[in-house]
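Trainee: Next up is a structure, given as structure tokens.
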Amino acid sequence: MNLPPLLSLFSEALFDTDRDRALQLVRDAIHQGAAAEELIFEVVIPALEKCVTDLEECEELNLAQHFLTSQIAADVTEELLPRFRVAPETVGRVVIGSPHGDLHTLGKRIVVGCLRPRMIECADLGVNVSAERFVEEAENRRASVIAISAMMVHTARSEKGCLKVRDILRERGLEDRIKVIIGGAPFRFDDQLHQRVGADGWAPDGIQAVKAISRLIREARPW
Amino acid sequence: MVTGMQRLSAAFDGAAVDRIPVFCNLLDQGAGELNLRLEEYYSHGERVAEAQIRMREKYGHDNVWCLFYVGKEAEFLGCRKILFAENGPPNVEDWVINSLEDIPRLEIPEDVSAHPAFEETLKCLSILRREIGGKYPICAYITASMALPALLMGMERWMDLLFLGPAGAREELLSRCHEFFVKELTAYREAGADVLIYSNPFGSTDIVPMGFFQECSLPWIEKDIRAAGPAGVVYYGGTARINPVMATVFERTGIKGYYMGPFDRVREGKEILAGRALACATINDIALIDWSPEEIRMQVRKIIQAGLPGGKFLFGTCVMPLDIPEPNIRAMLEAAFEFGSLEGGNPS
């Protein structure tokens, strides 16, 4: 199948946040014989990255666009995955959640949506997650990355949040196996804050989070 | 002695007094002033009023607040649990709307002023009016119709409904939130609040695309302000940038004050408003936690130098995090008083 025209049409649908059109394009392509694998890796992922780059260039990038593009990418991936000829190989594992005292859910949902097409397995631990649970779940699931979404200043900087996750990882000798990434509004206001709270990286949005998480998965010592 | 109210009035009018108005939005810090835990502090309006007055006297800024915490609005509409932290603002823990079926059941209080959740706020307002009314502006915080659902169902579910959900449920919820908004703003105005901060992240193109703003956000903003009137209202994007929408909002609503986000370009904002309304520029108060006093002084100078020419200018903060050290608060205010001085001439 000729994928470049489809990539262009799918990118437009993402840019316009038109979920129905995006799903229809993928369904039509499947009907015409396209393989689910090539649709994910040659259409969905490049379109997701192109969409965010285009939006950044025209200064139109905003929270709603992030939310909707990640949602569309997740929905399309969900529809395509069962059609894979061979079960897709997992690139890496991540546990994600909002830290102690933080009840916000939107940020981690955007990140989960962006990770889905990348074949990065992601366990959502929910909100108000203790540092101990972050580490235990990461260890039990042999995850390479703990992703923490902190939307408030006091939860971002709390000694019960990322700082404590770092302490526990150090105490248990897990720092080479499990990397920590953090995101959320306070980090956009202070791009040095992730270092102060002991994270290995941070990301201002879902697409950047995928890039940073992919890098951290490569850096972590395999289980 | 020039009062904060005189400074604010002069800024709205484009006149010069001793200096520009300086707003420092200290909320949770009040508990520390009274040596109380946040939950104890916010349980009594008298305490909030006392701390607001004390903090204004201590630091010398120009405003006080009758806002307790943002989640208070959810309590009016049925929220039964607020999560109090030791070191940060309280959060809504019990969502009022958990499914679309809850929307028709949402009850808007007939009389907001008589609602038990408003009782302590009214006490606070009454003390503030008695003690400093007319001298220092009393600020109230009112969430716009389009942003209020995020407090009732969480931001994620509201984004789902707003962008992907059934139009009927979305419009019904917005209509009810609008009804509440008008009653709440009216209640604050009647109780003596001078500055009504109209908080609407969905009125910023950092949150929604410009097309959505024009087609969906703006009509609800117009509806809110037409029903409640623009007197005393200040447009605020909840720390998000508002420069791209300020001209449109001004032309369509007549709102006379714009509280920009820390990432709005101040000079550009002044040019957009072109002397038609008050430009309120804000410092990045999350960075205030770790900046040195010298860095703070430099940042304040930069903001004020960009905003001062032409007058109609206010320097302010967003919601100051508890972690900001007291010397940093003082450094910011001292710099604002110094660089915002108008001694020796009219700003225009």
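The values are calculated or read from the model by the stated rules, or taken from the named source; none is laboratory data. Remember, predicted model here, so these are calculated numbers, not experimental data. Positions of Cβ are generated from backbone atoms using ideal geometry, with glycine treated the same way; all protein chains shown enter the neighbour counts. Side chains included, ligands, DNA and RNA excluded: accessible areas come from the protein's heavy atoms. Shrake-Rupley method; radii C 1.70, N 1.55, O 1.52, S 1.80 Å.
Trainee: Which one is nearest to A:G184 (Cα to Cα) among residues in the stretch B:280-294 that are facing chain A (nearest Cβ under 8 Å) and not in a loop (DSSP other than H, G, I, E, B)?
Mentor: Among residues in the stretch B:280-294 that are facing chain A (nearest Cβ under 8 Å) and not in a loop (DSSP other than H, G, I, E, B), the one nearest to A:G184 (Cα to Cα) is B:A287.
Trainee: What do you reckon, is B:E215 open to solvent by 10 Å² or more (accessible area, probe 1.4 Å), closer than 18 Å to B:H178 by Cα and in contact (Cβ under 8 Å) with a residue 24 or more places away in the chain? If you could, list the steps in order and put the result at the bottom.
Mentor: On the way: open to solvent by 10 Å² or more (accessible area, probe 1.4 Å): yes; closer than 18 Å to B:H178 by Cα: yes; in contact (Cβ under 8 Å) with a residue 24 or more places away in the chain: no.
No: the conditions fail for B:E215.
Trainee: Return only the number of the condition from (1) open to solvent by less than 40 Å² (accessible area, probe 1.4 Å); (2) not assigned by TED's automatic domain parsing to the domain that holds A:P204 that A:L106 does not satisfy.
Mentor: Of the numbered conditions (1) open to solvent by less than 40 Å² (accessible area, probe 1.4 Å); (2) not assigned by TED's automatic domain parsing to the domain that holds A:P204, the odd one out for A:L106 is (2).
Trainee: Also, quick follow-up: Scan the stretch B:269-279 for residues that are loosely packed, with under 15 Cβ neighbours inside 10 Å and assigned to a helix (DSSP H, G or I) and report the count.
Mentor: 1
Trainee: Quick one: is B:P309 out of contact with any helix residue (DSSP H, G or I) (no Cβ under 6 Å at 6 or more places or on another chain), surrounded by fewer than 19 Cβ atoms within 10 Å (Cβ to Cβ) and within 24 Å of B:R276 (Cβ to Cβ)? Spell out how you get there, then give the answer.
Mentor: Working: out of contact with any helix residue (DSSP H, G or I) (no Cβ under 6 Å at 6 or more places or on another chain): yes; surrounded by fewer than 19 Cβ atoms within 10 Å (Cβ to Cβ): yes; within 24 Å of B:R276 (Cβ to Cβ): yes.
Judged against the criteria, B:P309 is a match.
Trainee: Looking at the stretch A:2-34, which of the residues that are surrounded by 13 or more Cβ atoms within 10 Å (Cβ to Cβ) and assigned to a loop (DSSP other than H, G, I, E, B) is nearest to the chain's Cα centre (by Cα)?
Mentor: A:T17
Trainee: Would you point out the residue of the stretch B:180-212, among those that are within 13 Å of chain A (Cβ to nearest Cβ) and under 17 Å from B:V233 (Cβ atoms), that is surrounded by the fewest Cβ atoms within 10 Å (Cβ to Cβ)?
Mentor: Within the stretch B:180-212, the subset within 13 Å of chain A (Cβ to nearest Cβ) is B:201-212.
Still in the list and also under 17 Å from B:V233 (Cβ atoms): B:201-204.
On the way: B:P201: 23, B:F202: 27, B:G203: 28, B:S204: 25.
Top of the filtered list is B:P201.
Trainee: I would also like to ask the following. Open to solvent by 10 Å² or more (accessible area, probe 1.4 Å), within 26 Å of B:I303 (Cβ to Cβ) and not in a loop (DSSP other than H, G, I, E, B): is that true of B:A169 in this structure?
Mentor: Numbers: open to solvent by 10 Å² or more (accessible area, probe 1.4 Å): yes; within 26 Å of B:I303 (Cβ to Cβ): no; not in a loop (DSSP other than H, G, I, E, B): yes.
Judged against the criteria, B:A169 is not a match.
Here is a yes/no grid of residues against (1) open to solvent by 20 Å² or more (accessible area, probe 1.4 Å); (2) among the aromatic types (F, W, Y); (3) under 16 Å from the mean Cα position of the chain (by Cα):
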position: A:D54; (1), (2), (3): yes, no, no
position: A:D75; (1), (2), (3): yes, no, yes
position: A:S98; (1), (2), (3): no, no, yes
position: A:V111; (1), (2), (3): yes, no, yes
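Trainee: Does the stretch B:52-84 hold any residues that are touching a Ser or Thr at 6+ places or on another chain (Cβ under 8 Å) and either open to solvent by 30 Å² or more (accessible area, probe 1.4 Å) or on the phi > 0 side of the Ramachandran plot (or both), and which are they?
Mentor: Within the stretch B:52-84, B:V70 is the sole residue that qualifies.
Trainee: Taking the stretch B:49-85 as the search range and keeping residues that are part of a strand (DSSP E or B) and farther than 23 Å from B:A191 by Cα, which one is nearest to the other protein chains (Cβ to nearest Cβ)?
Mentor: If we filter the stretch B:49-85 for residues that are part of a strand (DSSP E or B), which is where we start, we get B:64-65, B:82-83.
Applying the additional criterion that residues be farther than 23 Å from B:A191 by Cα yields B:82-83.
Values: B:I82: 11, B:L83: 7 Å.
Step by step, filter the stretch B:49-85, then rank; the result is B:L83.
Trainee: For the stretch B:126-150: of the residues being buried (at least 24 other Cβ atoms within 10 Å of the Cβ) and in a helix (DSSP H, G or I), which is nearest to the other protein chains (Cβ to nearest Cβ)?
Mentor: Selected residue: B:P149.
Trainee: So B:R105 ticks every box in (1) part of a loop (DSSP other than H, G, I, E, B); (2) touching a helix residue (DSSP H, G or I) at 6+ places or on another chain (Cβ under 8 Å); (3) at pLDDT 95 or above; (4) at negative phi but one. Which box is left unticked?
Mentor: That leaves (2) as the condition not met.
Trainee: Residue check, B:G275 against (1) over 21 Å from B:G340 (Cβ atoms); (2) more than 16 Å from the chain's Cα centre (by Cα); (3) away from chain A (no Cβ under 14 Å), all met but one. Which one?
Mentor: Just one mismatch for B:G275, condition (1).
Trainee: Within the stretch B:87-99, restricting attention to residues that are out of contact with any helix residue (DSSP H, G or I) (no Cβ under 7 Å at 6 or more places or on another chain) and facing chain A (nearest Cβ under 9 Å), which residue is surrounded by the fewest Cβ atoms within 10 Å (Cβ to Cβ)?
Mentor: My answer is B:E93.
Trainee: Just to be sure I understand, how many residues within the stretch A:177-211 are of a type in the set (D, E, K, R), touching a Leu at 6+ places or on another chain (Cβ under 9 Å) and open to solvent by less than 30 Å² (accessible area, probe 1.4 Å)? Spell out the reasoning first.
Mentor: Initial filter on the stretch A:177-211 (of a type in the set (D, E, K, R)): A:177, A:179, A:188, A:190-191, A:196, A:200, A:205, A:211.
Okay, now just the ones that are also touching a Leu at 6+ places or on another chain (Cβ under 9 Å), so A:177, A:179, A:196, A:200, A:205.
Of the ones still in play, those that are also open to solvent by less than 30 Å² (accessible area, probe 1.4 Å) are A:205.
Qualifying residue count, the stretch A:177-211: 1.
Trainee: Checking the condition over 28 Å from B:M332 (Cα atoms), touching a residue at least 60 places away in the same chain (Cβ under 8 Å) and not β-branched (V, I, T), which residue from B:E107, B:E73, B:E131 passes? Full working, then the answer.
Mentor: Working: B:E107 fails: touching a residue at least 60 places away in the same chain (Cβ under 8 Å); B:E131 fails: over 28 Å from B:M332 (Cα atoms).
Step by step, each of B:E107, B:E73, B:E131 is checked, and only B:E73 is over 28 Å from B:M332 (Cα atoms), touching a residue at least 60 places away in the same chain (Cβ under 8 Å) and not β-branched (V, I, T).
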